[in-house]
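For reference, the structure is listed below as structure tokens.
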Amino acid sequence: MGRVTDFLLELRSEEIPARMQDKAREDLARLFAAELAKAGITTGAIATYATPRRLALIARDLPLETAAVTEEVKGPKTAAPPQALEGFLRKTGLTREQLTERDGVFFAITEKPGRATADVLADAIPAIVRAFPWPKSMRWGAASTSTESLRWVRPLHGIVALLGEELVPVSIAGIESGYATLGHRFHHPGPITIGSADDYVAKLNAAHVIVDQDARRTIIRDRASALAAEAGLVLVEDEGLVGENAGLTEWPVPLLGRFDAEFLSVPPEVIQLTARVNQKYFVCRDSGGALANAFVCTANIEASDGGATIVEGNRKVLAARLSDARFFYDTDLKVPLETQAEKLSKIVFHEKLGTVADKVDRVAKLARWLVEEGIILPGTGRGTSEAGGGGVPHGASLADASLHHPADGPPPRAGEELADLAERAARLAKADLVTGMVGEFPELQGLMGGYYAAAQGEDPRVAAAVRDHYKPVGQGDEVPTDPVTVAVSLADKLDTIAAFFSINEKPTGSKDPFALRRAVLGVASIIQQNALSASLRKMFELALEQNHRARRARDVTTDADAGYSRYVDELITFAIDRLKVQQREAGVRHDLIDAVFALGGEDDLVRLLARVRALQAFVGTEDGANLLAGYKRAANILKKEGYSPLPPREGPGVGGESQDGSAKPLPNLSPEGGGDEGGGKTLSYTPEIAEADLIAALDAAEPAAARAVEAEDFEAAMAALATLRGPIDAFFDSVTVNDPDADKRAARLALLARVRDAVHTVADFSRIEG
Amino acid sequence: MILALHDYWSERGCVILQPYDMEMGAGTFHPATTLRALGPDTWNAAFVQPCRRPTDGRYGENPNRLQHYYQYQVILKPSPPDLQDLYLGSLAAIGVDTALHDIRFVEDDWESPTLGAWGLGWEVWCDGMEVTQFTYFQQMGGYDMKPVAGELTYGLERLAMYIQNVDNVYDLAFNDSGVTYGDVFLENERQMSTWNFEVADTDTLFDLFRKAAAECENCLERGLPIPAYEQAIKASHTFNLLQARGVISVAERQAYMGRVRDLAKGACGAWMDKNGWAA
């Protein structure tokens, strides 16, 4: 390798938005590396820098020129017809004499000499600038008479491009590269001359520009904390603010100021948000953890008075902002939430779904129903209900729900109270959307409602539900556990999902404008977190029923009477699909969820997942793996022989056929019902030993598995199935299914069907992969 | 202060204009900005424009929010290469010491949905307070700027608060004989806030909106872009009043804004046609 040297590029412009600087550095490094790779140049380390006024790159160890390259293109055979040669000459632009002959074939050999790296860079820099992917770019100045004029994030003013100590001559839209750049806008407004990549950072530093964003971040982080500590306070750390302030300054100077303690009557979240969003200030806590009347702003200059004027100015701005916030807060407090809620009838939720007031009404009724149906109990979320434990048996009908409260459960009166509180909270939950504070800070929705509800003397559980009913907002967000909040949150999300599905607004591909996927994940999280033992089908039916009633009340000519139940299956599939995605992160196999769900549409998520976990543990064992193999072999034979598929079964909860909550044994699983179909009692021949063993094993395993499933003891169900593994293996080893004797063949096929069906009491093994 | 700005910008080639005699939400609505920003001709102007923003009224109780205040507006087309330096020079001219104050250019892309206009630029902060909106117009009335104009909009009250070092806008000295901003405007703010938020007759306003829109279209049919644009300004302000009265729902809001935008775009288009400029 020849001599190498370093390269410096600085693109100086008017202030680059702070939020774009990190991405711009990445883009610059990427585009630069790509341009060099195109020319066959390898470089050492690439460092990038961004300040508000410049985007810079230093690449180490560039060769001074690119290596010479020999290119060889194979042509026709020398014996080929003349037309082939003519074509090749045309293609390469060479003459017959310039070709080389080797082993009876023509070759076109061209020597590409090395290029000076400076020349490569002179071409690359304009290409990078013109292709730069700013999120938003603009035109400017006299040249913008044409819409084709150069675009940059803000007007571009200067280019420094130095390879070693040599200038790389570049001209872009009238901007010529040079050695000069500018220092800090106020501390060092004149030009400074850069010698090479090596003195760039130091020279700028001497001109009050800390070009390395990480160094600026460290200063802001450390100094802000130190200032708070000096004042006996603790800084509320905020890395986003650190980055933003570093993107707004070339010479960051954190300063601590105080605001009037009277403003602390405004909720702390409001103060923090105002300070952060509008002013980019840090806030502090006192030693007791309460918000203090202090802020830290980050100036871009060392002021001649030490910053006193700047702090005073910033204090005034914050005071005006907080005064505005207090105006909203005090004004909002004067209006009861019920009165605010009336204004929701003027806000359209969705053209086809009525107003927000209509939605509130549906959610309130649904929240009450969820309690009255026993899906949410006063004990919900307190850890009293184990997975699959208390609550209403699966598929219980509306009428007898109340009969199924656990014997040690709370008295019915507690249920009534819970229903009242849930409905009350739901009716107030959206009222803060029309308050001044939420109008100003939409991200405070819920939170402000909670404050206002508490201030007007609502039950603390109601205020908490108003505050938290949007939760969980995303993966990792806190999941509500208070029963009142659970009812409102669940009702709100179920209503949203059911409402949009019922007007055919479903998520497709990457499009989910109404965030229904997030909503259904929220539903799943709430159910799991609180071990709500209830059928998804039931919940969606309730939500659809509310929507249906509301629509009929709004519009008598609606065709909704055509039946809303047709959406239920779609909704359940949608929910299960999202559950699979969610559970994948927890290491749960999606095919196992399918295997359990496919069977009778298990839609009690808590039970479904318990079953899936047991199944996953089982198929991970040797017994499980071998049983799966035996099952697949049996199923394949049945399929090949065209053996009739399973009789259709309806899922629990459909048609109410399983009102007693027990799993109905299938005809061919019942020992008595086996009959001539292969039960094993009426064989017309003497079975072989392995055959008889398998029949005996099935006779024992079937009822055991069925009982275990009924008792929701899936480990026991798996254990019962595991007893089949040995007999099945032995059967396949020594018994010929496809016996010439038609009776034997039929009986053995029936036996395999019994095996398949026995396995299916636990899960549809055909859906299991591998 | 206004005189200092007039002097400064006049020396730099701007024509000094007077306020437009109509209610408008921002200096950008002044035809000297909106209409003159269009087309290839050089245009440099500076003027004061009173602004009315009914929803910003605080009954005189907020130290720096007003439903009626003054903007100083500079429009320079094409945008000069040293526009930032020119701007900082104007701050020095009115007494802002950049060794003492922290001046920052903070991203704030400007968009006026009712004018079909947008641009990139900053809000200029002085010690954390937004004192100027600094914008490179990219589109106006839906038309690409050819060339781009630079617009500076100074909040005069806020700058004055800095220079006079007062906390409350109403404490600003209006002259050297003890007359304050409050003496001149406080009662005005109280009464106008009450009218904007509580009293203004909404039926009348809806009617005004419809009539202004109809008249705008009438003017456009007759090939009169300037009067058409005036009617668009009227419709825009009437819409702002209806907003303050809280009688426009979220869904309707979009529709009304779209209506105003169509009127403004129509006027801008007619202005382009009248001057023979291609889009």
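Tell me the relative contact order for the stretch A:283-375 as a rounded percent, counting alpha carbon contacts under 8 Å between residues six or more apart. Could the numbers behind the result be given before it?
Details: 40 pairs, mean separation 10.0, N = 93.
RCO, the stretch A:283-375: 11 percent.
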Item to complete: With the Cα gyration tensor of the stretch A:696-769 in hand, convert its eigenvalues to equivalent ellipsoid semi-axes via √(5λ) and list them largest first in whole Å.
Response: 25, 12, 11
Worksheet item: Mind listing the phi-derived Karplus ³J(HN,Hα) values for the stretch A:331-342, rounded to whole Hz, using 6.51, -1.76 and 1.60 with θ = phi - 60°, and x for any glycine or proline?
Response: 5, 4, 4, 6, 10, x, 4, 4, 5, 4, 4, 4
Item to complete: Positive end of the charge dipole of the stretch A:318-368 (Lys, Arg +1 and Asp, Glu -1 on Cβ, about the Cα centre): tell me which of A:Leu344, A:Ala364, A:Phe328 has its Cα farthest that way.
Response: A:Ala364
Discussion item. Restricting the calculation to Cα positions, tell me the Rg (one decimal) and the Dmax (whole number) of the stretch A:591-640 in Å.
Written reply: 12.3, 37
Item to complete: State the extension gain, in nm to one decimal, for the chain segment bounded by A:Arg90 and A:Arg130, taking 0.36 nm per residue of separation less the distance between their alpha-carbons.
Response: 11.0 nm
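Mind checking Rg over Rh on the stretch A:203-325, alpha carbons, Kirkwood formula for Rh? Before the final figure, lay out the partial values.
Details: Rg = 14.2 Å, Rh = 14.6 Å.
A ratio of 0.97.
Roughly speaking, what % of Cα-Cα pairs in the stretch A:33-147 are separated by over 26 Å, rounded to a whole number?
On the way: 3355 of 6555 pairs.
Counting every Cα pair in the stretch A:33-147, those more than 26 Å apart make up 51 percent.
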Practice prompt. Apply the Karplus parameterisation 6.51 cos²θ - 1.76 cosθ + 1.60, with θ equal to phi minus 60°, to every residue of the stretch A:754-764 and state each ³J(HN,Hα) to the nearest whole Hz, in sequence, with x for glycine and proline.
Written response: 4, 4, 4, 5, 5, 4, 5, 4, 9, 6, 7
Worksheet, complete the sentence: The ³J(HN,Hα) series, computed from each phi in the stretch A:369-374 with the Karplus coefficients 6.51, -1.76 and 1.60 at θ = phi - 60°, rounded to the nearest Hz and given as x for glycine or proline, is 4, 4, 6, 5, 6, x
Practice prompt. Taking the Cα centre of the protein assembly as shown as origin, work out the dipole magnitude from +1 charges on Lys and Arg Cβ and -1 charges on Asp and Glu Cβ, in debye rounded to 20.
Written response: 1900 debye
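Taking only the alpha-carbon atoms of the stretch B:1-154, what semi-axes of the equivalent ellipsoid follow from 5 times the gyration tensor eigenvalues under a square root, in whole Å, largest first? Write down the numbers at each step before the final one.
Values: eigenvalues 97, 81, 49 Å².
Equivalent-ellipsoid dimensions as semi-axes: 22, 20, 16 Å.
Highest first, please rank the peptides A:461-468, A:628-635 by the mean number of other Cβ atoms sitting within 10 Å of their residues.
Working: A:461-468: 24.9, A:628-635: 19.0.
Ranking the peptides A:461-468, A:628-635 by packing returns A:461-468, A:628-635.
Roughly how crowded by other chains is peptide A:312-322, in terms of the mean Cβ count from those chains within 10 Å of each of its Cβ atoms? If you can, show how the numbers build up before the last one.
On the way: counts 3, 11, 6, 3, 11, 8, 2, 4, 10, 5, 0.
Neighbouring Cβ atoms belonging to other protein chains average 6 per residue here.
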Response to the item:
Binned at 5 Å from zero, the C-alpha pair distances of the stretch A:487-625 give percents of 2, 9, 19, 21, 18, 14, 8, 5, 3, 1, 1, 0, 0
Practice prompt. Using only atoms on other chains, find how many Cβ atoms lie within 10 Å of each Cβ of peptide A:288-298 and report the average.
Written response: 1
Worksheet item: A:Trp140: accessible area at probe 1.4 Å, nearest 10 Å²?
Response: 50 Å²
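Stick to Cα atoms and the Kirkwood definition of Rh, then tell me Rg/Rh for the stretch A:435-513.
Rounded to two decimals, Rg over Rh is 1.04.
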Discussion item. Check which residues have an amide H placed less than 5 Å from A:Leu182's amide H, if you skip close sequence neighbours.
Written reply: A:Ile192
Worksheet item: Which residues' amide hydrogens lie under 5 Å from the amide hydrogen of B:Gln139, considering only partners 5 or more residues apart or on another chain, with H built in the peptide plane?
Response: B:Trp118, B:Met145
Worksheet item: So which trypsin sites (Lys or Arg not before Pro) in the stretch A:276-324 end up in coil per DSSP with only 11 or fewer other C-beta atoms within 10 Å?
Response: none
Worksheet, complete the sentence: Taking a straight Cα-to-Cα line shorter than 16 Å from B:Lys265, and setting aside same-chain aspartates and glutamates fewer than 8 residues away, one finds B:Glu111, B:Asp144, B:Glu215, B:Glu217, B:Glu221, B:Glu230, B:Asp273
Item to complete: Would you list which aspartates and glutamates come within 13 Å of A:Lys136, measuring only between C-alpha atoms, while excluding same-chain residues fewer than 8 positions from it?
Response: B:Glu107, B:Asp108, B:Asp109
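Per residue of B:53-60, count partner chain C-beta atoms within 10 Å of its C-beta, then hand back the mean as an integer.
Values: counts 0, 0, 1, 1, 0, 3, 1, 0.
That works out to 1 on average.
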Response to the item:
For the pair A:Arg745 and B:Ala99, the simple spin-label estimate (label points 7 Å beyond Cα toward Cβ) gives in nm 10.8 nm
Discussion item. When only alpha-carbon atoms are used, what values of Rg and Dmax, in angstrom, describe the stretch A:1-84?
Written reply: 20.6, 67
Discussion item. I'd like the accessible area for B:Ser79, computed on protein heavy atoms only with a 1.4 Å probe and all protein chains in place. Round to 10 Å², please.
Written reply: 10 Å²
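Dividing the convex hull volume of the alpha carbon atoms of the stretch A:336-380 by its residue count, what do you get in Å³ per residue? The partial results should precede the final answer.
Values: hull volume 3.8 nm³, N = 45.
Taking the convex hull of the Cα positions in the stretch A:336-380, it is 85 Å³ per residue.
Per the 1.4 Å probe, what fraction of the accessible area of the stretch A:500-539, in percent, lies on carbon and sulfur atoms? Intermediate results must be reported in sequence, preceding the final value.
Working: 700 of 1580 Å².
That share works out to 44 percent.
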Worksheet item: When only Cα pairs under 8 Å and 6 or more residues apart are kept, what is the percent relative contact order across the stretch A:25-120?
Response: 29 percent
Discussion item. For a bin width of 10 Å, list the pair-distance distribution of the protein assembly as shown built from all Cα-Cα distances, rounded to whole %.
Written reply: 2, 8, 13, 15, 16, 14, 12, 10, 6, 3, 1, 0, 0
Item to complete: Note the angle between two axes, namely the Cα long axis of helix A:725-734 and the longest principal axis of the Cα atoms of chain A, as a number of degrees from 0 to 90, rounded to the nearest 10.
Response: 80 degrees
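Quick check on my link table: of A:Lys639/A:Lys744; A:Lys280/A:Lys343; A:Lys352/A:Lys471; B:Lys77/B:Lys211; B:Lys146/B:Lys274, which ones sit more than 23 Å apart, alpha carbon to alpha carbon? Mind dumping the intermediate values first?
Values: A:Lys639/A:Lys744 18 Å; A:Lys280/A:Lys343 33 Å; A:Lys352/A:Lys471 26 Å; B:Lys77/B:Lys211 34 Å; B:Lys146/B:Lys274 17 Å.
Exceeds cut-off: A:Lys280/A:Lys343; A:Lys352/A:Lys471; B:Lys77/B:Lys211.
Given the rule -39500 (n - 2.57) for each run of at least 4 DSSP H residues, summed and divided by the residues of the protein assembly as shown, what is its mean residue ellipticity at 222 nm, to the nearest 500 deg cm²/dmol? Walk me through the numbers before you get to the answer.
Details: 33 runs with 465 residues, N = 1049.
Helix contribution divided over all residues of the protein assembly as shown: -14500 deg cm²/dmol.
Grab the alpha carbons of the stretch A:143-205, take their convex hull, and tell me the volume per residue in Å³.
102 Å³
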Discussion item. What value in Å³ per residue do you get for the convex hull of the alpha-carbon atoms in the stretch A:88-173?
Written reply: 201 Å³
Response to the item:
For chain B (alpha-carbon point model, no solvent) the Debye-based log₁₀ I(q)/I(0) at q = 0.07, 0.12 Å⁻¹ works out to -0.26, -0.79
Worksheet item: So, in Å, what gap is there between the alpha-carbon centers of the stretch A:152-166 and the stretch A:221-265?
Response: 34 Å
Discussion item. Under 17 Å between alpha carbons, and skipping anything fewer than 8 positions from A:Lys580 in its own chain: which aspartates and glutamates qualify?
Written reply: A:Asp569, A:Glu570, A:Asp591, A:Asp594, A:Glu602, A:Asp603, A:Asp604, A:Asp764, A:Glu769
Worksheet item: Bin by bin, in steps of 10 Å, what percent of the Cα pairs in the stretch A:720-760 do you find, going until the bin that has the longest distance?
Response: 28, 53, 19, 1
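The values are calculated or read from the model by the stated rules, or taken from the named source; none is laboratory data. Note that this is a predicted model, so its numbers are computed, not measured. Ideal geometry is used to build each Cβ from the backbone, glycine not excepted, and the neighbour counts take in all protein chains shown. Accessible surface areas use protein heavy atoms only, side chains included; no ligands, DNA or RNA. Shrake-Rupley method; radii C 1.70, N 1.55, O 1.52, S 1.80 Å.
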